Amino acid sequence: MFIAGRQVDGEGAPVPVIEPATEESIGNVRSASPEQVSEATAAAKRSARTWRDTPAPERGEMLHALSTWMTDHSDDIAFTMTREGGKPLVENRDEMGWSASCFDFYAELARVERGRVVPSGEQGQLNLVVKEPYGVVAAIVPWNYPILLLAWKIAPALAAGNTVVIKPSPYTPLSTLALAEGCAEIFPEGVVNIVTGEGDVGTALVADPDVAMVAFTGSVETGKKVAHAAADGMKRVHLELGGKDAFIVCDDVDLEVAAKGAVWAAYLNGGQVCTSAERFYVLDDVYPDFVEAFVEETKRLVVGDPMADETDIGPLVRDVQRRRVEDQLSEAKSQGAKVLYGGDREGFDRGYFLRPAVVVDVDESMRLMTQETFGPVAPIARVGDLGEAILRANATEYGLGANVYTLRLDYMLRCMDELEAGTVWFNDPLTDNEAAPFGGMKASGGARELGPEGLEEFRQSKHVHIDTKMDVKSWWYPYADYVRYQAEHGTAPG
Ligand code: NAD
């Protein structure tokens, strides 16, 4: 782990890191003991004042330096991410690039302003809204994009002047620990700390009195626990939770392009993306041809060794995750759904592989259409018109992202207005923009990352009211004078 600028071994139980492609252990990472969690938060707290007083351009230089360090070590860390997470190497290289870029973005954004000046009530006064960091931020992240989701939190948090304690997923701690080497070279002691372990370490971190804010990405289920625990300590919480993104295909599309886009949106990272397209609503006229094109595209995908250049889809992260996906699939089948392709382990006797599945005859009575699947399954439903597609797209507790394929402006405007999602992508699925906010509505959380909104989440506002004169105000005591003045003049003194 990484506490107060030093690499230290955890004093808790060892947790094996399993390579999903081979099911073999590639190392053991010891968990933080409760005392070590406290040491990490105390170190972050000790360095908080100096870090917030460090001029923003200087903090920015350090963020740029970390970005450069990440670019220099991109291949090694991407390799580690592939071994411990199972995501294809090509996707992990992209992840390293996006993450480095996020540090550059916030290095610059945070030096532009730290609040605003608002009009005052009187001459000789100055009213400021000053933005301040919260203090110690706990950053708790999942395994599917271990470095990117970390960057989306700690880049704005550090840029805003907070110090951080990171807890990676126990499935993917190695890449985060590798990043610690860069942090050790660049940041002053205590500014960035990393503790490893499972949910109990996360629980201890959220409850720790030195932690002022918890920035969490993970499932809705865990997010609720984090929110409850944080409420007990009146801590600021920032929640990025699960999704069940809808993908609407309208009747004016180029079917070949739409099917290729849809297949990518469904199976990227084996469907283990919070914004994976997990439900397809296809307008009546194009439904049969779309399904056919989708199946053909899916058949072409190469499932296998995530290190190989030709691999499109690697294994799922763990067997428990694969079984969860298989359960949803078999339950849907028992309710009348039909699997047109995949959804089995054919050709794989080791590794947590699952061939991508295309499923039809689905409806919202099935968990497959309402609960997050987080696996390579594409259920495709036929809808009568766009109104029905939007209604069904909105009929879940989640509200993370949504995709629409159409070139009709009237369709676009309607979807833009009516879809209950934090991001709506038209004809270019899952393309984030670091200058624009990412996050969910409804049970998907409500926090925003990226863009100026993503910086704002890590700053609190202080109103500063300055009067440059030292005069007695007419509305102070004695009230008798104040009341008399109002009675005589019919108005309060100016
Ligand atoms: P998870 O909720 O099981 O765990 C997330 C993190 O929380 C892990 O580090 C875990 O160890 C920790 N944790 C577990 N119990 C805790 C507790 N009681 N208190 C504090 N921390 C605790 O999620 P996961 O399986 O690692 O990740 C998959 C989930 O993450 C999916 O639901 C996915 O949609 C979601 N996700 C959301 C986004 C987003 O930006 N909205 C992005 C990626 C993933």
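The values are calculated or read from the model by the stated rules, or taken from the named source; none is laboratory data. Please read all numbers here as calculations on a predicted model, not as lab measurements. Positions of Cβ are backbone-derived with ideal geometry, glycine not excepted, and every protein chain shown enters the neighbour counts. Heavy atoms of the whole protein, side chains included, go into the accessibility calculation; ligands, DNA and RNA do not. Shrake-Rupley method; radii C 1.70, N 1.55, O 1.52, S 1.80 Å.
With Cβ to Cβ distances under 9 Å as the rule, what net charge do the other residues near ALA139 carry (K, R +1; D, E -1)? Taking every Cβ under 9 Å from that of ALA139, the sum is +2.
Our estimate of slack between ARG350 and GLU122, defined as 0.36 nm per intervening residue step minus the Cα-Cα distance, is 74.6 nm. Could you tell me which of rounded, prolate or oblate describes the stretch 245-433, using a ≥ b ≥ c as the square roots of the eigenvalues of the alpha-carbon gyration tensor, with rounded for a/c under 1.5 and, failing that, prolate when a/b is larger than b/c and oblate otherwise? Because a/c hits 1.5 or more and a/b exceeds b/c, the stretch 245-433 counts as prolate.
Per residue, the convex hull spanned by the Cα atoms of the stretch 406-467 amounts to 143 cubic angstrom. Annotation: amide H-H contacts under 5 Å for ALA378 (H modelled 1.01 Å from N, sequence separation of 5 or more, or interchain): ALA357, VAL358, VAL359.
Between amide H atoms placed 1.01 Å from N, distances below 5 Å from ILE194 occur with PHE2, ILE3, ILE166, all of them 5 or more places distant or on a separate chain.
Summing Cβ point charges (Lys, Arg +1; Asp, Glu -1) relative to the Cα centre of the chain gives a dipole of roughly 1640 debye.
Could you tell me the convex hull volume per residue, in Å³, taken over the Cα atoms of the stretch 8-103?
Numbers: hull volume 10.7 nm³, N = 96.
Given the Cα convex hull of the stretch 8-103, per-residue volume reads 112 Å³.
Cross-link candidates for LYS260: which lysines have Cα within less than 17 Å, leaving aside residues fewer than 8 places away along the same chain? In chain and number order, the partners are LYS299.
Over the residues of the chain, the helix contribution to mean residue ellipticity at 222 nm works out to -12500 deg cm²/dmol, using -39500 (n - 2.57) for each DSSP H run of at least 4. Of the residues LEU63, VAL130, SER175, the one whose Cα sits farthest towards the positive end of the charge dipole of the stretch 63-187 is VAL130 (charges of +1 on Lys and Arg Cβ, -1 on Asp and Glu Cβ, taken about the Cα centre). Near GLY115, the amide H atoms lying under 5 Å from its own belong to LYS131; only residues 5 or more places off or on other chains count, and H is placed 1.01 Å from N.
With an 8 Å Cα cut-off and a minimum separation of 6 or more residues, compute the relative contact order for the chain in percent. Please report the intermediate quantities before stating the final value.
On the way: 1109 pairs, mean separation 86.4, N = 494.
Across the chain, relative contact order equals 17 percent.
Rounded to the nearest 20 debye, the dipole size of the stretch 245-433 about its Cα centre is 700 debye, using +1 on the Cβ of Lys and Arg and -1 on the Cβ of Asp and Glu.
Report for the stretch 245-433 the percent antiparallel among DSSP-assigned beta bridges with both residues inside it, nearest 5.
Numbers: 3 of 24 bridges.
Around 10 percent antiparallel, to the nearest 5.
Rolling a 1.4 Å probe over the heavy atoms of the protein chains gives the chain an accessible area of 42 Å² per residue. Find how many whole Å separate the alpha carbon centroid of the stretch 1-61 from the alpha carbon centroid of the stretch 365-435. Using only Cα atoms to place each centre, the spacing works out to 38 Å. Exposed loop sites here mean trypsin sites (Lys or Arg not before Pro) with a DSSP loop assignment and at most 12 other beta-carbon atoms within 10 Å; the chain contains its longest site-free run at 1-349. Rounded to the nearest Hz, the phi-derived 3J(HN,Hα) couplings of the stretch 298-309 under the Karplus curve 6.51 cos²θ - 1.76 cosθ + 1.60 (θ = phi - 60°) are 5, 4, 7, 5, 9, 9, x, 4, x, 7, 7, 4, where x marks glycine and proline.
Here the contact order of the stretch 276-369, divided by its residue count and restricted to Cα pairs under 8 Å and six or more residues apart, works out to 25 percent. Pairs exceeding a 30 Å alpha-carbon distance, out of LYS244/LYS462; LYS153/LYS225; LYS153/LYS224: LYS244/LYS462.
Taking the DSSP bridge list for the chain and keeping only pairs wholly inside it, about 40 percent are antiparallel. Among the protein heavy atoms of the chain, carbon and sulfur supply 52% of the accessible surface, probe 1.4 Å, non-protein parts ignored. The residue list ALA393, LEU430, GLN328 was ranked by how far each Cα lies along the charge dipole of the stretch 245-433 toward its positive end, using unit charges on Cβ atoms, and GLN328 comes out on top. Taking GluC sites (Glu not before Pro) across the stretch 306-395, the ones in a DSSP loop with at most 13 further Cβ atoms lying within 10 angstrom of their Cβ are GLU310, GLU346, GLU364. Under 16 Å of direct C-alpha separation, and excluding same-chain neighbours fewer than eight residues apart, LYS473 reaches these aspartates and glutamates: GLU122, ASP481. For the stretch 210-225, the Karplus equation 6.51 cos²θ - 1.76 cosθ + 1.60, evaluated at θ = phi - 60°, returns couplings of 7, 8, 9, 8, 10, 10, 10, 10, x, 6, 4, 4, 5, x, 5, 5 Hz by residue, with Gly and Pro reported as x. The phi torsions of the stretch 37-43, fed into the Karplus equation with coefficients 6.51, -1.76 and 1.60 and a -60° offset, translate into couplings of 4, 5, 4, 5, 5, 5, 4 Hz, rounded to whole numbers, with Gly and Pro shown as x.
Toward the positive end of the charge dipole of the stretch 181-255, with +1 on the Cβ of Lys and Arg and -1 on the Cβ of Asp and Glu, the farthest Cα among VAL253, VAL214, PRO188 is that of VAL214.
Using only alpha carbons, the chain has a radius of gyration to Kirkwood radius ratio (Rg to Rh) of 1.06.
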